[in-house]
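Have a look at the structure below before the remarks.
Values quoted throughout were computed directly from the atomic coordinates according to the rules given, and no laboratory measurement underlies them. Owing to the predicted nature of the structure, the values given are computational and were not obtained by experimental measurement. So basically every Cβ, Gly included, is an ideal-geometry build from the backbone, and we count neighbours across all protein chains shown.
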Amino acid sequence: MFVDTSGRRARLLRRVGLLVGAVCVGYAAVLGLAFMGIGTSVSPSSLLPFGGGQNGGGPGPGGGGAGPQGGVMPTGTPPSGAPTAPTAPSGATTAPSSAATPSAATPGAVATPSAAATSSGAATD
Amino acid sequence: MTTPTPSSPPARGGRRAPSRIERAAGRAAALQRPRVLLALLLLLALTCVMLLDGYLRAEVGGDQRVRTGAGASDVPDEVLDGGPILTFPGGQATTLSVPDKTIALTFDDGPDPTWTPQVLEILEEYDVPGTFFLVGSMVSRYPDIVRELVEQGNEVGIHTFTHVDLSYQSDARVTREIEQTQLALAGAAGITTTLFRAPYSSETDAIDNYSWPVYEKLGEEGYTSVFIDTDSDDWQQPGVSKIVEWATPEDGEGASVLFHDAGGERAQTIEALPEYIEKMKAKGYTFTTISGAMAEQQPTGRPAAPAEASGTHGGLQAAHHQATGTTLYEGKALIAAVAVAEWTVPALSVGLMVVGVAVMGRFGMMVILARRHYGQRNRRRFGWGPPVTGPVSVVVPAYNEKECIANTLQSLARSTHPIEIIVVDDGSTDGTAEIAESLGLPGVRVIRQANAGKPAALNNGVRNARYDIVVMMDGDTVFEPDTVRHLVQPFADPSVGAVAGNAKVGNRRTLIGAWQHIEYVMGFNLDRRMYDLLRCMPTIPGAIGAFRRQAVLEAGGMSDDTLAEDTDITIALHRAGWRVVYQEHARAWTEAPGSLKQLWSQRYRWSYGTMQALWKHRGSLRDKGPSGRFGRVGMPLVVLFQVVTPVFAPLIDVFTVYSMIFVDVRSALLAWSAVLGVQLLCAAYAFRLDREKYRYLLMMPLQQLAYRQMMYLVLIHSCVTALTGGRLRWQKLKRTGEVGTPTGAG
């Protein structure tokens, strides 16, 4: 009874077993990662591409703290969004300074976030 | 046996793994390492599922504490007296209020499968947006509602993952609560959000020294903490008119109004909402989201184009961000994982219920039937017919039994019933045949054959038997003097084709021996009595059974199609219309496996063999007459009790552990003990019927625990082996005898 001399069933089952095992490992891994928050970037400041640099480098009244708030009000300034969008793809490393400076000049907190937010939108595409 | 190990095949008496099988098993073990690994991985996944389920229901790490009455000296006065929207631009705490004649409807604690969709319907009907502060665990359980909610143009905020008072939690926990909720949102609706509302928070003047650091920390990370200034207090269910009244701000002021769309009965909220919206509209109010309220207060604020850049519809959802990359995929994976858990745990509960019903039902049935069986067979006037006094043949298949064979034969020589003894030596290499001959016992014949397996040896013995009734026993089993006499009496009834005797464990002093002793006593006393009355005994134990020679020959003799030739032949006799009965007074003493490893391999063979035999006789399901009767009564019982129940039985322990950790230690242990108590009662009854000493029952809790897990693993292992179609070698090896047992029994 039950004997399969061809071994085809055994091979098939081995594959199924491998698959099931992999799924189990994956399941545990997903839960572990999700629980510990590994591999995700969800806090609003981390959504901004230059958030870290701004927080460290621009401690001025409108600088550091403004970054985070950008998430809330990216809608604020349509004009600044347009010019910064092209600069972001051009060079990620050089962009921050150019993007940040004009924002400091423009009235306070509003410009920086919008620039950051729009480029974040571009970057996340 | 029985017991909630429901599993156990009715004990069959001692058979042990031949050494060659053990060697083959050793080789096979190397092949089976992947199986062990897979089993462990499955266990890991199950643990994850259970933990996740506990976490989602806030049974793991759930923290019910809520802080009240703490001081507020560290909290800036501007915040305490400020508007309900708290942000930290430039690290400076700033509050905003909702503009005049504007309402920001906020709903806490959702999503809820009952109430949230109703709220959404109302909002859509009145074309009004709301802001929902969602609990992450609920988001992950009801992702579809969240997706719809967002698509409808509402805004969402984070209300933590497990609805804990964050002021009690560590920074790491706060971060985890937020990030897990973001992941859930990403998985459910493809977005993340920057809005946050703390559980148990209310107006800004309720911020205290313990919660303030949480808002500061989250504010620095870029979150906007949203409070309320107008509370409908709908959770108190004060009645529709009160809710509307309390939710109405004074003098045309703007308001961040709190409702609840989850967390209990919310029918009043659902009823109050339309009334409230109509009333406020009539007063000239407009409705917006939190982001909408904020945008209107910004100097340059005109909700406009860039909203699309963040992938949301208009300024009303400005707090939303499109989730991308790993966040999105991890979020989707999390949602899927939660869905799996949401299905798995209820499915396991159903399994547990099946076990519960099967175990309890079986016990009830067994106790009733065993009682009736005992009463019937021990009645003073009971008889099978005229006493059977004619001589019978006893067939003793022997393979390397030098330690036991002398004991076995000497016990037979003391028989009070006339017998001839046929020792079939199955190619032993240890001089078993010579020992048997040298004893010089009268009426002993030794037949030698080349090693061909136990079924062949039995067939050889049956062919050489001179008498119509053949008793079969193992080479390591010892009979009492009147065992054979008792065993053959049922043949006075011409419809009886075979009789099962009562096998007893001789070596019951060890732990494992005692376990098997309990199992055998229950198996024989309860199971076999039940099967006898139901006329569907699945197995005559190899250690002690008697057959009509004619019946065996007509059935084609013992077959080596399966590893359980005893089950195979018993079923074949049933199908041929013979009756198979249990004779409790015919006792045989046998030596049970002495180590866990031997026990495992014995049970593996039994369970695999039983499955083979059932499969071989599957045709009986469609047959007519006695064969069909066995197929429709016996087969389902055997499948239910020897295959299905053992597979689900460990759930008893799994759920006990689960409840101990996540629910309540005491009641979990109580439930477990209740199951054990029922088993103990049944076992005690079985012991009473057999007049055994009760002290072995002390072993029972441990026995049950160990047997459940072992039989489960054995069953799974057998099923996998059956599916792969492997183990051809075992077929040829068979169990051919005995490795070497110090005398069993006594």
When the helices in chain B are scored as -39500 (n - 2.57) per DSSP H run of 4 or longer and the sum is shared across all residues, what 222 nm value do you end up with, to the nearest 500 deg cm²/dmol?
-15000 deg cm²/dmol
Shielding by partners, peptide A:1-13 (average Cβ within 10 angstrom, other chains):
6
Taking Cα pairs under 8 Å and at least six residues apart, what relative contact order does segment B:351-733 come out at, in percent?
18
Going by a ≥ b ≥ c, the root eigenvalues of the Cα gyration tensor, does segment B:452-494 fall in the rounded group (a/c under 1.5), the prolate group (a/b larger than b/c) or the oblate group?
oblate
Which longest run of chain B has no exposed loop site in it, a site being trypsin sites (Lys or Arg not before Pro) in a DSSP loop with at most 12 other beta carbons within 10 Å, and the site itself not part of the run?
B:66-282
Footprinting proxy, B:MET522, B:MET530: sorted fewest to most Cβ within 10 Å, the residues are B:MET530, B:MET522
Under the definition of Cα pairs under 8 Å and six or more residues apart, what whole-number percent is the relative contact order of chain B?
17
In what sequence, highest mean first, do B:160-169, B:382-391 appear when ranked by Cβ atoms within 10 angstrom?
B:160-169, B:382-391
Based on the alpha-carbon gyration tensor of chain B and its eigenvalue square roots a ≥ b ≥ c, which shape applies: rounded if a/c is under 1.5, prolate if not and a/b is larger than b/c, or oblate?
prolate
In what sequence do B:HIS417, B:HIS585, B:HIS320 fall when counting other Cβ within 10 Å, fewest first?
B:HIS585, B:HIS417, B:HIS320
Give the distance, in whole Å, between the Cα centre of segment B:589-635 and the Cα centre of segment B:392-454.
27
Apply the a/c threshold of 1.5 to the C-alpha gyration tensor of segment B:109-247 and tell me whether it is rounded, prolate or oblate.
oblate
Too long for a 27 Å Cα-Cα cut-off, among B:LYS504/B:LYS597; B:LYS504/B:LYS624; B:LYS101/B:LYS242, are B:LYS504/B:LYS624
